[in-house]
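The values are calculated or read from the model by the stated rules, or taken from the named source; none is laboratory data. A quick note: this is a predicted structure, and the numbers were derived from the prediction, not measured. When we count neighbours, we look across all protein chains shown, and the Cβ atoms used for this are built from the backbone with ideal geometry, even at glycine.
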Amino acid sequence: MFHIYCPYCAEYREEEEFHPKGQAHIARPADPTASSDDAWGDYLFFRDNPRGVHHELWVHAVGCRKFFNITRDTRSYAILETYRMGEQPGVTAESVTLAERDSERKTSDTATMQGVPS
Amino acid sequence: MPRFAYFDPHPARAVTTQSPLHQFAATASGGESSVVLRENAFLDHLILRGESEVLIASVQAVLGLALPTEPQRLVMGEAGSLQWLSPDEWLLIVAAGEGFRLQRELREALGSAHFSIVDVSGGQTLLELDGACAVDVLMKSTAYDVDPRAFPVGRGVTSVFAKATAVIRRVDEQRWELVIRRSFADYCLRWLLDAGEEYGIDYRPAELGATISRAAVVDTETMS
Amino acid sequence: MSASQPCRLASNSGVGSQIDRDKPLQFTFNGQTYQGFAGDTLASALLANGVDVVNRSFKYSRPRGVVAAGAEEPNAIVQLGASEAAQVPNVRATQQSLYDGLTARSTNGWPDAQRDMMGLVGKLGGPFMPVGFYYKTFKAPASMWLTYEKYIRKAAGLGRAPTESDPDIYDHINRHCEVLVIGSGPAGLMSALVAAGSGVRVILCDEQPTFGGSLLDSGETIDGMAASEWARNAVERLAAMDNVTLLPRTTANGYFDHNFVTLHERCTEHLGDTAPRVDGRRQPRSRLHRVRARHVVLASGAHERPLVYAGNDMPGNLVAGALSTYIRRYAVRPGRRLVLSTTNDHAYRAALDWHEAGGEVIAIADARANPDGELVDRAKAAGIRIMAGSAVIEATGDRKGHRVNGARIGAIDIEGFRVSGEVETLSCDTVATSGGYSPVVHLAAHTGVRPVWRDDILGFVPGQTTSKVDGFSVVGAAAGLYPTGALLEDAVAQVVRALESDGIDVESGKVPDIDTLREGAAVALYQIPHDRPTMRAPKQFVDLQNDVTAAAIELATREGFESIEHVKRYTAMGFGTDQGKLGNINGMAIAARCLGQTIPQTGTTVFRPNYTPVNFGAIVGRHCQALFDPERYTAMHHWHVEHGAMFEDVGQWKRPWYYPQKRRDSANGEFESMHEAVVRECRAVREKVGVLDASTLGKIDIQGPDAREFLGRIYTNGWEKLAVGKARYGLMCKDDGMVMDDGVTTCLADNHFLMTTTTGGAVAILEWLEIWHQTEWPELEVYFTSVTDHWATMTLTGPEARNLLAELTDIDLDRDSFKFMEWREGAVAGVPARVYRISFTGELSFEVNVQANYAMQVWEALFAHGEKYGLTPYGTETMHVLRAEKGFIIVGQDTDGSMTPEDLGMHWCVGYNKPYPWIGKRALTRSDTRREDRKQLVGLKPLDAGVVLEEGAQIVLDPRQAIPMRMVGHVTSSYYSPTLEHGFALAVVKGGHKRLGEKVYLPMPDGVTHVAEVVSSIFYDPKGQRQNI
Ligand SMILES: [Zn+2]
């Protein structure tokens, strides 16, 4: 049961109020007739399934009925941010990888200090 | 060409009127009841949509209500109540028969701006809930945090209610309101009576035969 | 000790804090009546009465007794309930409060656990069921499983569900708090006190009826008072604060994403078989609290680990701490002569409590070479014999194995895993063991965090949860922190830190004073070596509930199972209701030893919710029977009920299906069959006039200057020329070109439209409009609002529809002034209405829409005037027949997400030349959607007029081909047409549009093959003249 911050209602709400709508930031080709069958097929059917940071489109279905984006870690299910339609994510796979490398260094230092086997 | 169609749903002369809960008779828990549930039926419910900057002045002028622009805010005044539903959507509840007149006045005040006003009076009804255990009954029914410490008077939210949905509002220290959809009303009321059983719950139905007269008899008014 | 409760200590013994000796209670176990006291658990009451055998084991049918005092109990699992309806299986006697009249039976064993007839079978079954039995049996002919399964289930009852319905009610409640504290031992109580002092909302739960946890029997002194007294004071202070919710008898069972925790409160299970009523009102038997917490403080404590030795499953073998619990809380000393085998100082408390309670402590076998600590000193001072460097290698029992009668104690070499010296046999009736403590990490593990082994405390602790879960702290013994003083200090610090991170000021206050005992270091020992090798020694049990032995684990590793998850599944270790709470660590240690690994290398298995079993009632709550799922009603619903309608579920809506009438020719007042009713309703519409409650159709009000443009993008057909006063049928596709919904949309004014959707599509279509508006075309000025429930809709249809409606309305209904696909506004039966002249039956139709509160005024007026026109209410079945005769599709029945408009023969509804690339257009030019052999909608006319094809029946071109036949399509809709007087169907057939006139075949499972002719999907009035009269 996720606890999701709706950027329009400006508060955390229970997952049961929301519907997930798949990967975020998939723009419909502006001129579909100019898009090849393959490109159109990619737009329709192909989605990322990353282990780690994923940007998703959700709707606050039982609530304000607004669509918005969630950046979520598919490993821990942690929601890293939510942001409105039209905005770009502040957290990305790259930024998280960098931060994790950083904190791993710190954690391994602490573990050694306390003599706790990891 | 007219931009919008007006429609006054109320008959010129009183006719049979049925609330969605008309078949529920008054019940009393027998013991000492700590929850009382009433239907406040036949009010006029309107959905206002538009950018808040577009609506705010006209709403103030016509309704005498300050359009709530903060999420989850409910304002109450003589004209009725006005609740934030989304950044561009509000629920206006006014006395029976007032909706059509106010809709006309709002549309006139708003002129050529982009907005929408929709009458939904037949589609929902209002339940009042009060008593010492009203909050407990709500806690059984919605995952939204209705603890009075977290839910001040003047807050209203749309959330999941049992397996249906409801608008939940706190109108004063003791009193709560639920706006429920007509088609789910039977289910919601049965749910509430069941959830309230352990505390003792009384149900008071809407008064029957409420006569709703038209504010103005206009069949098809158009506006260019 | 009283005669009736031989193991109950006398009232002047000064122990028994939980029981009320003034309130004796009667209870029945396996048909025998006993006495206990209010405050007892069923387990303490059974022990007080000297009941040794409480169960038979799962696989070998060995007699088993109580071994523990809490949720970790693997043996004392009972079937509760005096009446059939009140049966509850798999209740832990250690957690079931005693009440007057409680009736329980052993879960396993027939006729009872004492005189077990199945024992013989068990003895035979044991050798038949070696480790990995299930898997090995599956490898044998699979058909044998059925034989084996029956035999196993009978031998090893796992409790049984009641055959009558549960008279009790159950409840769910949602709670929110800033701090949820799980467990009310010293760390939990301290955490709750600190958090509550800051004013934030705190929930404290504990699975026991009394808060205090280990403080209730620790014998320590805190702030100058007995620990149990300090706990009572703390609870009183918390209870007085209105920001604190105290939940005793409440187990935290699942820890889900983002600090969502489910708590299972047993509200009235301690009061009787069924919940007592208050003022005649039912009270819930148990309640599931769904808690969303900002911070979760896990203070779940630790479970003592028993040692693994031969004969360790006989009644009279207990974990050491359970003795202290039974003596101090319940005044029960379950034996006379005790031998304790330990690896640590802490367990000495059990021997000291036993001694103080007048029992004889024969010896303490301490695995450490040089035991040294204050408790050791106290034991020595009490004159207790301490055997250093040794352990109980085997418990011996009486002939039937009903009770321990001795302990074989040997000097052991832990490193070498062997008995290193003489073995001495001591006579005793109780063997208590302690192999150390396992922090209760289950809930932490639910978050997906793997436990981490710590050599210094010889246990797994929650892994690095803080980095993974925001707002989660583990305090006290659950974090592997045991000395009371240190854990209180740590709990205070952690809670202060958590709240301060949220900017909440909190007074940490003074950490209570407590004397810390000097304890010697513990030694790592799990399985005690025997003087025979494990495979040949008497059985040494690791998982008592599943009868998993040390030898079984050794065998599993020898057979190549190296992953602990595989060992678990191969041996069934940790599979029972106790989920391996006592045995898992020992099992892992044995596997590690056999594999030559360390425990951290072997790792632990994953714990999943629920921590303890939760009854179905609590999971269901009040979402059952009439409240299982919402039933949605239209404004005319009660009229339909009163007029005998049978209902069809369409989503959550209840729609009238058909209205069976009393048969005219029947003397006994029999009702029509469905077929008869539908034939009558169809004829009424085709010949006179019928009325349908169509209120369930989705309705969406659309306003804004770009409303028309928006419709043009979302529908396949054109909307730019639709004039005010007109309506148009529209088809919607997904962007893959497949039909997703259809309906009639009306132009109310230039910027104002009313869209109708299918009944099932209402919610999804509104979301569909919003997603395109909000994510792709936010620049379009348009708003959508659902008005599905606002309007009640009545479809008057049939040749007499105009005549009937004319009696009730001021609207000019003349065929030339109010044309087909137009709408008008006026009063109907005195009620303002919008009337649409559209038709889904092919007949002249008027759809009357009024505000729903006035619907019954209009509906009743229709019937008041309708009799002379033969007005007949009809339901969805008749609607289906009539629309299918016209070839009108139902989205979701005649389509399945793989049908394009062209597949449906609806080219007329596709605007290829519209300027905007509307949703679905591009996909309709993909090579796949242009294929000529796509499945296409056609009509099927069975050659035998009496045949009604089965919906879903597969279609083949050559009935004589070999099976599997090549299937070219299937029937989507099929009915008997009273108008045509034969069966007919709609179907999808590969290349069907070019097969008109061909014969196709429908082979049925019963061997009959139907033959049908492919025909146009329009069976009736192909020119559409009837709607235009
Ligand atoms: Zn929202």
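With the range C:726-793 as the region, which strands (runs of 3 or more DSSP E) entirely inside it contain at least 3 residues that are within 14 Å of chain B (Cβ to nearest Cβ) and either buried (at least 22 other Cβ atoms within 10 Å of the Cβ) or at pLDDT 95 or above (or both)? Steps first, please.
Working: elements: C:727-733, C:739-749, C:752-757, C:783-786.
Strands (runs of 3 or more DSSP E) meeting the threshold: C:739-749, C:752-757, C:783-786.
Would you mind stating whether C:ALA635 is within 14 Å of another protein chain (Cβ to nearest Cβ), of a type in the set (Gly, Ala, Ser) and buried (at least 24 other Cβ atoms within 10 Å of the Cβ)? If you could, list the steps in order and put the result at the bottom.
Numbers: within 14 Å of another protein chain (Cβ to nearest Cβ): yes; of a type in the set (Gly, Ala, Ser): yes; buried (at least 24 other Cβ atoms within 10 Å of the Cβ): yes.
Answer is yes for this residue.
Between a first residue in the range A:60-76 that is part of a loop (DSSP other than H, G, I, E, B) and a second residue that is near the ligand (Cβ under 10 Å from one of its atoms) and basic (Lys, Arg), which pairs have beta carbons less than 9 Å apart while being 6 or more apart in sequence or on different chains?
Every condition considered, the pairs that remain are A:HIS60/A:ARG13; A:HIS60/A:LYS66; A:VAL62/A:ARG13; A:GLY63/A:ARG13.
Any residue in the range C:804-816 that is assigned to a strand (DSSP E or B), buried (at least 23 other Cβ atoms within 10 Å of the Cβ) and either touching a strand residue (DSSP E or B) at 6+ places or on another chain (Cβ under 8 Å) or polar (S, T, N, Q) (or both)?
Scanning the range C:804-816, I find no residue that is assigned to a strand (DSSP E or B), buried (at least 23 other Cβ atoms within 10 Å of the Cβ) and either touching a strand residue (DSSP E or B) at 6+ places or on another chain (Cβ under 8 Å) or polar (S, T, N, Q) (or both), so the answer is no.
Where the second residue is of a type in the set (D, E, K, R) and not in a loop (DSSP other than H, G, I, E, B) and the first is assigned by the TED database to the domain that holds C:ARG683 and lies in the range C:966-980, which pairs have Cβ atoms under 7 Å and are six or more apart or on separate chains?
none
Consider only pairs whose beta carbons are under 8 Å apart and that are at least six residues apart or on different chains; among these, list those whose first residue lies in the range C:907-919 and is in contact (Cβ under 8 Å) with a residue 24 or more places away in the chain and whose second residue is crowded, with 17+ Cβ neighbours inside 10 Å and among the aromatic types (Phe, Trp, Tyr).
Cβ pairs passing all conditions: C:CYS909/C:TYR729; C:GLY911/C:TRP918; C:TRP918/C:TYR715; C:ILE919/C:TRP772.
Could you list, in sequence order, all residues of the range C:618-628 that are in a helix (DSSP H, G or I), more than 8 Å from chain B (Cβ to nearest Cβ) and at pLDDT 95 or above?
Just the residues of the range C:618-628 that are in a helix (DSSP H, G or I), to begin with: C:618-620, C:625-627.
Filter once more, keeping what is more than 8 Å from chain B (Cβ to nearest Cβ): C:618-620, C:625.
Within the range C:618-628, C:ALA618, C:ILE619, C:VAL620 qualify.
From the list C:SER214, C:SER191, which residue is away from chain B (no Cβ under 14 Å), assigned to a helix (DSSP H, G or I) and over 21 Å from C:MET241 (Cβ atoms)? First the steps, then the outcome.
Numbers: C:SER191 fails: over 21 Å from C:MET241 (Cβ atoms).
Just a single option satisfies the conditions, and that option is C:SER214.
Looking only at the range C:412-444, which residues are of a type in the set (Asp, Glu), loosely packed, with under 15 Cβ neighbours inside 10 Å and at pLDDT 95 or above? Please lay out each step first, then the result.
Going through the range C:412-444, the residues of a type in the set (Asp, Glu) turn out to be C:413, C:415, C:422, C:424, C:429.
Then keep just the ones that are loosely packed, with under 15 Cβ neighbours inside 10 Å; that gives C:413, C:415, C:422, C:424.
Scanning the range C:412-444 gives C:ASP413, C:GLU424.
Taking the range C:858-894 as the search range and keeping residues that are in a helix (DSSP H, G or I) and among the hydroxyl-bearing types (Ser, Thr, Tyr), which one is surrounded by the most Cβ atoms within 10 Å (Cβ to Cβ)? I'd like the intermediate steps shown before the answer.
Let us first name the residues in the range C:858-894 that are in a helix (DSSP H, G or I), namely C:858-869, C:876-885.
Imposing the further condition that a residue be among the hydroxyl-bearing types (Ser, Thr, Tyr) reduces the set to C:869, C:876, C:878.
Numbers: C:TYR869: 21, C:THR876: 21, C:THR878: 29.
Going through the qualifying residues, I end up with C:THR878.
Can you go through B:LEU92, B:LEU48, B:LEU85 and tell me which one is more than 9 Å from chain C (Cβ to nearest Cβ), in contact with a Cys (Cβ under 8 Å, 6 or more places away or on another chain), part of a strand (DSSP E or B) and not hydroxyl-bearing (Ser, Thr, Tyr)?
After ruling out the rest, the residue left standing is B:LEU85.
Taking the residues in the range C:488-545 that are polar (S, T, N, Q) and closer than 30 Å to C:GLY199 by Cα as candidates, determine which candidate is surrounded by the fewest Cβ atoms within 10 Å (Cβ to Cβ). Working first, answer last.
The first filter runs over the range C:488-545 and keeps only residues polar (S, T, N, Q), leaving C:494, C:501, C:508, C:516, C:527, C:534, C:540, C:545.
Okay, now just the ones that are also closer than 30 Å to C:GLY199 by Cα, so C:494, C:501, C:508.
Details: C:GLN494: 22, C:SER501: 11, C:SER508: 16.
Applying the filter and picking the extreme gives C:SER501.
Within the range A:4-44, work out how many residues are outside any helix (DSSP H, G or I), at the interface with another protein chain (Cβ under 8 Å from one of its Cβ atoms) and in contact (Cβ under 8 Å) with a residue 40 or more places away in the chain.
Selection size over the range A:4-44: 5.
Being in a loop (DSSP other than H, G, I, E, B) and within 16 Å of the ligand (Cβ to nearest atom) narrows it down to one of B:PRO71, B:PRO20, so name that one. Break it down stepwise before answering.
Working: B:PRO20 fails: within 16 Å of the ligand (Cβ to nearest atom).
Checking each option against the conditions leaves just B:PRO71.
Given the conditions (1) without any contact (Cβ under 8 Å) to a residue 40 or more places away in the chain; (2) among the basic types (Lys, Arg); (3) within 16 Å of the ligand (Cβ to nearest atom), which single one is not true for A:ARG105?
Unmet condition: (3).
Any idea which of C:GLY991, C:GLY946 is exposed (fewer than 13 other Cβ atoms within 10 Å of the Cβ), over 46 Å from the mean Cα position of the chain (by Cα) and either in the same structural domain as C:CYS682 (by the TED database) or in contact (Cβ under 8 Å) with a residue 12 or more places away in the chain (or both)? Full working, then the answer.
Working: C:GLY991 fails: exposed (fewer than 13 other Cβ atoms within 10 Å of the Cβ).
Answer to the selection: C:GLY946.
Going by the conditions given, is C:GLU642 within 13 Å of chain B (Cβ to nearest Cβ) and over 28 Å from the mean Cα position of the chain (by Cα)? So that I can check it myself, show each step before the final result.
Working: within 13 Å of chain B (Cβ to nearest Cβ): yes; over 28 Å from the mean Cα position of the chain (by Cα): yes.
Here the answer is yes, as C:GLU642 does meet what is asked.
With respect to A:PRO50, determine if the residue is away from the ligand (no atom under 16 Å from the Cβ) and farther than 23 Å from C:HIS773 by Cα. Spell out the reasoning first.
Values: away from the ligand (no atom under 16 Å from the Cβ): yes; farther than 23 Å from C:HIS773 by Cα: yes.
For A:PRO50, the condition - away from the ligand (no atom under 16 Å from the Cβ) and farther than 23 Å from C:HIS773 by Cα - is met.
Where residues in the range B:101-123 are assigned to a helix (DSSP H, G or I) and at the interface with chain C (Cβ under 10 Å from one of its Cβ atoms), which of them is surrounded by the most Cβ atoms within 10 Å (Cβ to Cβ)? Let's see the steps before the verdict.
The initial filter retains those residues of the range B:101-123 that are assigned to a helix (DSSP H, G or I), namely B:101-110, B:121-123.
Of the ones still in play, those that are also at the interface with chain C (Cβ under 10 Å from one of its Cβ atoms) are B:121-123.
On the way: B:SER121: 26, B:GLY122: 24, B:GLY123: 24.
The extreme case among them is B:SER121.
All but one of (1) assigned to a loop (DSSP other than H, G, I, E, B); (2) within 14 Å of chain B (Cβ to nearest Cβ); (3) farther than 23 Å from C:PRO186 by Cα; (4) in contact (Cβ under 8 Å) with a residue 12 or more places away in the chain hold for C:GLU269; which doesn't?
Status for C:GLU269: all satisfied but (2).
Take the residues in the range B:124-140 that are facing chain C (nearest Cβ under 8 Å) and in contact (Cβ under 8 Å) with a residue 24 or more places away in the chain; name whichever of them is surrounded by the fewest Cβ atoms within 10 Å (Cβ to Cβ).
Of all residues in the range B:124-140, those facing chain C (nearest Cβ under 8 Å) come to B:124, B:136, B:139-140.
With in contact (Cβ under 8 Å) with a residue 24 or more places away in the chain added as a condition, the list becomes B:124, B:136, B:140.
Working: B:GLN124: 24, B:ASP136: 18, B:LYS140: 22.
Ranking the candidates gives B:ASP136 first.
From the list A:ARG84, A:ARG72, A:ARG65, which residue is within 14 Å of the ligand (Cβ to nearest atom) and surrounded by 19 or more Cβ atoms within 10 Å (Cβ to Cβ)? Working first, answer last.
Numbers: A:ARG84 fails: surrounded by 19 or more Cβ atoms within 10 Å (Cβ to Cβ); A:ARG72 fails: within 14 Å of the ligand (Cβ to nearest atom).
Within the list A:ARG84, A:ARG72, A:ARG65, the selection yields A:ARG65.
Looking only at residues that are touching a strand residue (DSSP E or B) at 6+ places or on another chain (Cβ under 9 Å) and assigned to a loop (DSSP other than H, G, I, E, B) in the range C:239-266, which one is farthest from C:ALA82 (Cα to Cα)?
At the first step, the residues of the range C:239-266 found to be touching a strand residue (DSSP E or B) at 6+ places or on another chain (Cβ under 9 Å) are C:239, C:241, C:243-266.
Applying the additional criterion that residues be assigned to a loop (DSSP other than H, G, I, E, B) yields C:241, C:243, C:248-249, C:257-259.
On the way: C:MET241: 40, C:ASN243: 40, C:PRO248: 25, C:ARG249: 22, C:ASP257: 40, C:HIS258: 42, C:ASN259: 39 Å.
Among those that are touching a strand residue (DSSP E or B) at 6+ places or on another chain (Cβ under 9 Å) and assigned to a loop (DSSP other than H, G, I, E, B), it is C:HIS258.
Restricting the search to the range B:74-86, which residues are polar (S, T, N, Q) and more than 16 Å from the ligand (Cβ to nearest atom)?
Residues of the range B:74-86 that are polar (S, T, N, Q), as a first pass: B:81, B:83, B:86.
B:SER81 - this is the single residue of the range B:74-86 that is polar (S, T, N, Q) and more than 16 Å from the ligand (Cβ to nearest atom).
Of the residues in the range A:5-27, how many are within 12 Å of the ligand (Cβ to nearest atom), on the phi > 0 side of the Ramachandran plot and in contact with a strand residue (DSSP E or B) (Cβ under 7 Å, 6 or more places away or on another chain)?
Adding up the residues that qualify gives 0.
Among the numbered criteria (1) within 16 Å of the ligand (Cβ to nearest atom); (2) within 14 Å of chain B (Cβ to nearest Cβ), which single criterion is violated by A:GLU56?
A:GLU56 satisfies all of (1) within 16 Å of the ligand (Cβ to nearest atom); (2) within 14 Å of chain B (Cβ to nearest Cβ) except (2).
If a residue counts only when it is crowded, with 24+ Cβ neighbours inside 10 Å and not assigned by the TED database to the domain that holds C:ALA444, which helices (runs of 4 or more DSSP H) contained entirely in the range C:298-411 have at least 3 such residues? Reasoning before the result, please.
Details: elements: C:320-330, C:348-356, C:374-381.
The qualifying helices (runs of 4 or more DSSP H) are C:320-330, C:348-356.
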